[in-house]
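The values are calculated or read from the model by the stated rules, or taken from the named source; none is laboratory data. It should be emphasised that the depicted structure is a prediction, and the values quoted were computed from it without experimental measurement. Cβ sites come from the backbone with ideal geometry, for glycine too, and all protein chains shown count toward neighbours. SASA here: full protein model, heavy atoms, side chains in, ligands and nucleic acids out. Shrake-Rupley method; radii C 1.70, N 1.55, O 1.52, S 1.80 Å.
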Amino acid sequence: MHFRPRLMPVLAAGTACALLAGCSGKGELVVDEGVGITAVRSTCPAVGIANGTGDMTTFRVPGSSDAKDIDLVAAITEVRPSCDEKASPVQSHVTFKVQVRRADAHGARDVTLPYFFTVMRGGRVVIAKSLGSATVHFADGQDRAETTADGTATIDKKEATLDRAIHDRIVRPRKSGEADAAIDPLADPAVLAAVNKATFEVLVGFQLSDAQLGYNVTR
């Protein structure tokens, strides 16, 4: 399965904010005796749902993808991280809800759904992955149920810390009129590569079969 980050909106208001946490309300560039990037990068990872894996649909008829045969529809919601960027190593504890709706509300039923918890580096490389399962209980006549699941990622603080020379280059104040005053330092491939190398993400999602992933992509 190929993971591509789909970060939660509150954690990724834009490209610069995703890479440099803590953007100011008026954007990441502030004019004050010159121009400088005021955002300070965090060693805590960004957290989100892997693209195409936040929903799961199962069918009563094996091999069917017809809406009339749907058995269960599940969704991962309310992904919430807790992380202390001053700790070493850095640990990010993530909780999320699994909400499930069933088509037939007759009879009591327990449903267990598999999920994954993975750590990525630079948006491309999976450095750790673990599997878990979330179980919800439906009482007779109940068509909706939910539960809470979680996971913890451990990241080497040194690996997540941006090189000081690169950091200083990014935040260096730029005076109006200077040749590079309006140039985004992240446009430099060397700077961007260094930022990516020190950037980690924690992604969660349902552990889907190829058929389930294909259904999510095409529906």
Residue by residue through the range 62-69, what is 3J(HN,Hα) from phi via Karplus (6.51 cos²θ - 1.76 cosθ + 1.60, θ = phi - 60°)? Round to whole Hz and write x for glycine and proline. x, x, 7, 10, 7, 4, 6, 9
When the dipole is taken about the Cα centre of the range 91-171, and only Lys, Arg (+1) and Asp, Glu (-1) are charged at their Cβ, what size is it in debye, to the nearest 20? 360 debye
Between Ala139 and Ser209, what is the label-to-label distance in nm when each label sits 7 Å out along the Cα-to-Cβ direction? 3.2 nm
What accessible area per residue, rounded to a whole number of Å², is obtained for the range 44-104 using a probe radius of 1.4 Å? 47 Å²
What is the range 68-110's relative contact order, in percent, from Cα pairs under 8 angstrom and six or more apart in sequence? 45 percent
